[in-house]
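A.B. asks: Submitted below is the structure of interest, expressed as structure tokens.
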Amino acid sequence: MTDNRKSPIENPQSIQRVALVIQYLGTNFHGWQRQPNQRTVQEEIETAISTVLGRPVTLHAAGRTDAGVHAAAQVAHFDARGPIPAHRWASVLNSRLAKDILIRASAKVEPTWHARFSASWRRYRYTLYTDPTPNLFVRPFAWHCYHTPVDESLIQTALTPLIGRHHLAAFHRAGSARPHSWVDVQAAECQRSGPFIYIEVQASGFLYGMMRLLVGLLVQVGRGERPIDNFTDIWVNERREMVKYAAPAQGLCLLRVGYCEFPFPADVWYDTQPKLVISH
């Protein structure tokens with residue numbers, strides 16, 4: 001008698017959706033998204049997964065980061081058929097990935113759950129270093145702003161009116177496939193800790209290049225080079241031609257992504273980029 005039962009690898013019912021919490025140092029990557037002849041985070045993780053499964057896999061992320069931008073808790077998912085439990089994928093992949101990518105955790109999620117479309121918000125942090133003396137160990141993670149003092153209170157005053165739903169075309173780089181520039185900003189904060197200034201923005205989604213263009217203009221405000229009312233006029237009246245400088249990529253980090261249903265404890269994803277501290 002022939003046994004027609006399929007093995008777990010062949011049985012379509014064994015397909016599981018696996019969510020990942022991912023950290024990466026963006027310095028040597030040409031961004032998240034797979035690109036021809038460029039080193040990207042998506043390609044390296046997809047290659048590792050495909051090597052294990054023996055078939056091509058597509059990895060879907062909560063958001064795409066640009067070249068040089070870091071991530072403390074990027075979220076992505078893929079579908080896998082086979083015997084490996086979802087919670088084991090983190091260790092399986094970490095043994096195959098380069099040292100500048102780390103899977104903090106993996107877990108099984110519902111087949112309808114999606115890293116991008118199920119996300120309620122994303123939060124980015126930008127780090128400024130304002131000490132007049134350069135520091136090699138700070139350089140990969142901060143923009144060294146030392147020529148002119150930066151007043152964090154001016155930046156916070158400029159940021160606060162951004163909370164709410166706004167058309168932020170002034171901070172939307174060309175080349176995006178997104179058909180509009182509406183953004184729901186949920187939080188916008190600026191805090192100083194010694195020589196470091198941290199700018200954090202949380203929104204339902206971000207425009208292409210938005211955070212770096214925004215910070216580039218905010219630093220001008222903090223230096224007293226641009227009045228706050230002029231900053232407000234630029235984004236309210238969508239004067240994209242006035243936003244000419246993007247902050248350097250190395251200061252930006254995708255801090256975390258929020259979901260109504262998320263299988264990971266807070267210590268895995270909530271605040272996993274350590275803030276830089278220099279004591280005198």
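The values are calculated or read from the model by the stated rules, or taken from the named source; none is laboratory data. As the structure is a prediction and not an experimental result, all values here were calculated from the model. Glycine also receives a Cβ, built like all others from the backbone with ideal geometry; neighbour counts cover every protein chain displayed. For the accessible areas, the whole protein counts, side chains as well, though only heavy atoms, and no ligand, DNA or RNA atoms are used. Shrake-Rupley method; radii C 1.70, N 1.55, O 1.52, S 1.80 Å.
A.B. asks: Only one of (1) surrounded by fewer than 20 Cβ atoms within 10 Å (Cβ to Cβ); (2) in contact (Cβ under 8 Å) with a residue 24 or more places away in the chain is not met by TRP269, so which one is it?
C.D. replies: With respect to (1) surrounded by fewer than 20 Cβ atoms within 10 Å (Cβ to Cβ); (2) in contact (Cβ under 8 Å) with a residue 24 or more places away in the chain, TRP269 is out only on (1).
A.B. asks: On to the next question. When you scan the stretch 117-131, how many residues do you find that are crowded, with 19+ Cβ neighbours inside 10 Å and assigned to a loop (DSSP other than H, G, I, E, B)?
C.D. replies: Of the residues in the stretch 117-131, 2 are crowded, with 19+ Cβ neighbours inside 10 Å and assigned to a loop (DSSP other than H, G, I, E, B).
A.B. asks: Follow-up. Can you tell me which residues in the stretch 141-155 are within 12 Å of PHE196 (Cα to Cα) and either without any contact (Cβ under 8 Å) to a residue 40 or more places away in the chain or among the hydroxyl-bearing types (Ser, Thr, Tyr) (or both)?
C.D. replies: HIS144, TYR146, listed by residue number.
A.B. asks: Restricting attention to the stretch 243-259, which residues are closer than 19 Å to ALA203 by Cβ, assigned to a loop (DSSP other than H, G, I, E, B) and in contact with a strand residue (DSSP E or B) (Cβ under 6 Å, 6 or more places away or on another chain)?
C.D. replies: ALA247
A.B. asks: Continuing with the same structure: For PHE264, work out the one condition from (1) in contact (Cβ under 8 Å) with a residue 24 or more places away in the chain; (2) part of a helix (DSSP H, G or I) it doesn't fulfil.
C.D. replies: (2)
A.B. asks: Could you tell me which of the residues ALA158, ALA187 is touching a residue at least 24 places away in the same chain (Cβ under 8 Å), open to solvent by less than 40 Å² (accessible area, probe 1.4 Å) and under 26 Å from TRP32 (Cβ atoms)?
C.D. replies: On inspection, the qualifying residue turns out to be ALA187.
A.B. asks: Does ARG64 count as among the charged types (D, E, K, R), at pLDDT 95 or above, surrounded by fewer than 18 Cβ atoms within 10 Å (Cβ to Cβ) and part of a loop (DSSP other than H, G, I, E, B)?
C.D. replies: Taking the combined requirement at face value, the residue does not satisfy it.
A.B. asks: Of all the residues that make up the stretch 87-116, how many are open to solvent by 70 Å² or more (accessible area, probe 1.4 Å), in a loop (DSSP other than H, G, I, E, B) and closer than 20 Å to VAL41 by Cβ?
C.D. replies: So the count comes out to 4.
A.B. asks: Next question, about the same structure. Take the conditions touching a Phe, Trp or Tyr at 6+ places or on another chain (Cβ under 8 Å), closer than 25 Å to THR133 by Cα and surrounded by fewer than 20 Cβ atoms within 10 Å (Cβ to Cβ) and apply them to PRO274. Does it pass?
C.D. replies: no
A.B. asks: Tell me which residues, restricted to the stretch 217-263, are of a type in the set (Phe, Trp, Tyr) and either open to solvent by less than 80 Å² (accessible area, probe 1.4 Å) or farther than 22 Å from HIS166 by Cα (or both).
C.D. replies: Those that are of a type in the set (Phe, Trp, Tyr) and either open to solvent by less than 80 Å² (accessible area, probe 1.4 Å) or farther than 22 Å from HIS166 by Cα (or both): PHE231, TRP235, TYR259, PHE262.
A.B. asks: Exactly one condition in (1) part of a loop (DSSP other than H, G, I, E, B); (2) open to solvent by 70 Å² or more (accessible area, probe 1.4 Å) is false for VAL57; which is it?
C.D. replies: Only one criterion in (1) part of a loop (DSSP other than H, G, I, E, B); (2) open to solvent by 70 Å² or more (accessible area, probe 1.4 Å) is unmet by VAL57, namely (2).
A.B. asks: Here's a follow-up. May I ask you to say which residue of PRO134, PRO179, PRO140 is loosely packed, with under 15 Cβ neighbours inside 10 Å and under 17 Å from the mean Cα position of the chain (by Cα)?
C.D. replies: PRO140
A.B. asks: If you scan the stretch 221-242, which residues turn out to be of a type in the set (A, V, I, L, M, F, W, C) and either farther than 25 Å from ARG122 by Cα or at pLDDT below 95 (or both)?
C.D. replies: If the condition is that a residue be of a type in the set (A, V, I, L, M, F, W, C) and either farther than 25 Å from ARG122 by Cα or at pLDDT below 95 (or both), then ILE228, MET242 are the ones that fit.
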